[in-house]
Amino acid sequence: MSKHVVATVADLPPGSRKLVTVKGRPIAVFNLGGEFFALINRCPHQGAGLCEGEVTGLVTADGPGTYRLTRPGEIVRCPWHGWEFDIRTGQSWCEPSRIKAKQYPVEVAPGTALVKGPYVAETVGVTVEQDYVVVEV
Amino acid sequence: MNAFTRGAIDCDIHPGVPGIRTLLPYMNNYWKDAFIRRGADDFDLASYPPGAPITCRPDWRPEKGKPGTDMALLCAQALDAFGTRHAICNTLYGGQVAVSETMGAAICSAINDWIAAEWLSRDARLRASIVVPAQAPHLAVEEIERLAGDRRFVQILLPAAAELLYGKSYYWPIWAAAEKHGLPVGIHAGSMFRYAPTSNGWPSHYLHDYVSQSQAFEDQLLSLVSEGVFARFPNLRIVLLESGVSWLPGFLWRSVKTWRGVRSEVPWVTRPPAEIIRDHVRLTMQPFDSPPDPAIVGQVLDQLGSEELLLFATDYPHWQFEPEEGAVPPGFPPALLRKVMVENPLATYPRLQESLA
């Protein structure tokens, strides 16, 4: 595992997402209200890019005919067949224990720390003035 | 007697109603008078014309009278011949489909009292389903409440195609009453024929009508699951009668696949539909609808994903199997026979357990 700088925090404001490539792997990075999460950009069903999916909330019910919408912006739906994935965990809603999108650890690091290494910044130039999104792959 | 089936519980046999005159003693003065004045008698279901091939296996066809109407013949052919321990009478007659709610209720009540007095009381092996007028759910509930205390009634009977899909809230009082009394609801092949029995129009021939039966069952299962009936009535059990079996695996697979993508529309469906159906739904085994090949039957059973689903039945006197084949579908694994002939029926029908205790 190695840590990779994939964006500045300013580039990825809350509610946004970004597709990056790290070690040849497509990874979707999401900002949920200031918290960052990274999922493989490949639906475990048939491989569609989750980063292109619709981001929604979680719909649950207390009983037939009732609807409750919670956790707005925290669920991504696969663009091909609509399967729902929890952006925080990568778990599918339908079969969370068996069907999940691989998750990668993400952290925010200040440029002052990054310039000392051992981070890899292949595509993002690092300066001491900014904070960065770092994915461990 | 067939050694294979000795002691089995037959979950689907059909005593025949000779005609409306048979039922008049079980009706009030108004209905007796009304039927006589109108000269109305022929209330057989359009799904089973007395002369149609499916209505009676040739060697079971009586010399006179309608199939299933002669009790001695029924007991000899359907019970003695198979060594049946108990058999559940599912009476198919016009009360369940009459356009008039009140006439339908009068016929259903008369059938229930007739079957109790003239069948259940005369052979201790017989049990019956309560026939109810689904045309009027409130009257259906009244009938269930009237008879639920008689423990020889072990089920409630409905036709596969009614006036609405069974998941609609219009029918929920029936599900509530069924759950309250621990009565499974049997949904039997057949239609009220308020509209075409296929989603594309009216079929012209027996071939189409017989083969397309499973569509109605698929629709009702999807309706019950997607409208949340099993979420609201977690102890409700549904038994599909004369539904066929081998269509189910593909249907289950597609229902799960599709649910994964659109489940947020029905968030009360919190588990894959196949799991819900395996928990709540049972099917009788005639017809089974597969080639007589143990390998193929085994694959179907594997794909069903549960050994709890199937219930032994002859569907007497309907013509589903030949005498030389026997009532168990050819190729059915012997190791599962006791399960489907005894254990599953007892688990499905709590009232049968009482009679054996």
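The values are calculated or read from the model by the stated rules, or taken from the named source; none is laboratory data. Since we're looking at a predicted model, the values are computed, not measured. Heads up, the Cβs are rebuilt from the backbone with ideal geometry, glycines too, and the neighbour counts pull from every protein chain shown.
So that you can scan it fast, the table gives a plain yes or no per residue for (1) within 17 Å of the chain's Cα centre (by Cα); (2) at pLDDT 95 or above:
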{"residue": "B:S255", "(1), (2)": "no, yes"}
{"residue": "B:R263", "(1), (2)": "no, yes"}
{"residue": "B:P267", "(1), (2)": "no, yes"}
{"residue": "B:E275", "(1), (2)": "no, yes"}
{"residue": "B:V281", "(1), (2)": "yes, yes"}
{"residue": "B:T284", "(1), (2)": "yes, yes"}
{"residue": "B:P291", "(1), (2)": "no, no"}
{"residue": "B:T314", "(1), (2)": "yes, yes"}
{"residue": "B:P317", "(1), (2)": "yes, yes"}
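Tell me whether the range B:295-310 contains one or more residues that are within 21 Å of B:L157 (Cβ to Cβ), among the hydrophobic types (A, V, I, L, M, F, W, C) and either in contact with a Cys (Cβ under 9 Å, 6 or more places away or on another chain) or not in a loop (DSSP other than H, G, I, E, B) (or both). If you could, list the steps in order and put the result at the bottom.
The first filter runs over the range B:295-310 and keeps only residues within 21 Å of B:L157 (Cβ to Cβ), leaving B:309-310.
Still in the running and among the hydrophobic types (A, V, I, L, M, F, W, C): B:309-310.
With either in contact with a Cys (Cβ under 9 Å, 6 or more places away or on another chain) or not in a loop (DSSP other than H, G, I, E, B) (or both) added as a condition, the list becomes B:310.
Yes, there is a match, as at least one residue in the range B:295-310 is within 21 Å of B:L157 (Cβ to Cβ), among the hydrophobic types (A, V, I, L, M, F, W, C) and either in contact with a Cys (Cβ under 9 Å, 6 or more places away or on another chain) or not in a loop (DSSP other than H, G, I, E, B) (or both).
Against the list (1) surrounded by 13 or more Cβ atoms within 10 Å (Cβ to Cβ); (2) assigned to a loop (DSSP other than H, G, I, E, B), the condition A:P14 fails is (1). Taking the criterion of being over 28 Å from B:S47 (Cα atoms) and either of a type in the set (A, V, I, L, M, F, W, C) or buried (at least 20 other Cβ atoms within 10 Å of the Cβ) (or both), the residues of the range B:273-292 that qualify are B:P273, B:A274, B:I276. Among the residues of the range B:249-257, none qualifies, meaning not one is more than 14 Å from chain A (Cβ to nearest Cβ), surrounded by 20 or more Cβ atoms within 10 Å (Cβ to Cβ) and not hydrophobic (A, V, I, L, M, F, W, C).
Could you tell me whether any residue of the range B:126-136 is of a type outside the set (A, V, I, L, M, F, W, C), at negative phi and surrounded by fewer than 22 Cβ atoms within 10 Å (Cβ to Cβ)? Working first, answer last.
Taking the range B:126-136 first, the residues of a type outside the set (A, V, I, L, M, F, W, C) are B:127, B:129, B:133, B:135.
Still in the list and also at negative phi: B:127, B:129, B:133, B:135.
Subset that is surrounded by fewer than 22 Cβ atoms within 10 Å (Cβ to Cβ): none.
No, the range B:126-136 contains no residue that is of a type outside the set (A, V, I, L, M, F, W, C), at negative phi and surrounded by fewer than 22 Cβ atoms within 10 Å (Cβ to Cβ).
Only residues that are over 18 Å from B:P350 (Cβ atoms) and assigned to a loop (DSSP other than H, G, I, E, B) were counted in the range B:126-160, giving 5.
Only residues that are within 18 Å of B:I156 (Cβ to Cβ) and touching a helix residue (DSSP H, G or I) at 6+ places or on another chain (Cβ under 6 Å) were counted across the range B:335-351, and they come to 0. Within the range B:337-357, the residues that satisfy the criterion of being of a type in the set (A, V, I, L, M, F, W, C) and either loosely packed, with under 15 Cβ neighbours inside 10 Å or in contact with a strand residue (DSSP E or B) (Cβ under 8 Å, 6 or more places away or on another chain) (or both) are B:V340, B:M341, B:V342, B:L346, B:L352, B:L356, B:A357.
Restricting attention to the range B:156-186 and to residues that are free of Cβ contacts under 8 Å to residues at least 60 places away in the same chain and under 14 Å from B:A46 (Cα atoms), the residue that is surrounded by the fewest Cβ atoms within 10 Å (Cβ to Cβ) turns out to be B:A162.
Could you please let me know if B:F332 is out of contact with any Lys or Arg (no Cβ under 9 Å at 6 or more places or on another chain) and assigned to a loop (DSSP other than H, G, I, E, B)? Against the criterion (out of contact with any Lys or Arg (no Cβ under 9 Å at 6 or more places or on another chain) and assigned to a loop (DSSP other than H, G, I, E, B)), B:F332 qualifies. Quick one: which of B:P267, B:P323 is within 14 Å of another protein chain (Cβ to nearest Cβ) and out of contact with any Pro (no Cβ under 8 Å at 6 or more places or on another chain)? It is B:P267.
The criterion of being under 19 Å from B:F217 (Cα atoms) and surrounded by 19 or more Cβ atoms within 10 Å (Cβ to Cβ) does not hold for B:F332. Scanning the range B:46-68 for residues that are buried (at least 19 other Cβ atoms within 10 Å of the Cβ) and not in a helix (DSSP H, G or I) gives B:S47, B:Y48, B:C56, B:R57, B:K66, B:P67, B:G68. Out of B:L120, B:L79, B:L139, one residue alone is hydrophobic (A, V, I, L, M, F, W, C) and touching a helix residue (DSSP H, G or I) at 6+ places or on another chain (Cβ under 9 Å). It is B:L139. Looking across the range B:14-45, the residues that are surrounded by 18 or more Cβ atoms within 10 Å (Cβ to Cβ), outside any loop (DSSP other than H, G, I, E, B) and within 26 Å of the chain's Cα centre (by Cα) come down to B:I20, B:L23, B:Y26. Counting only residues that are away from chain A (no Cβ under 14 Å), surrounded by 13 or more Cβ atoms within 10 Å (Cβ to Cβ) and under 21 Å from B:E275 (Cβ atoms), the range B:187-237 holds 9 of them.
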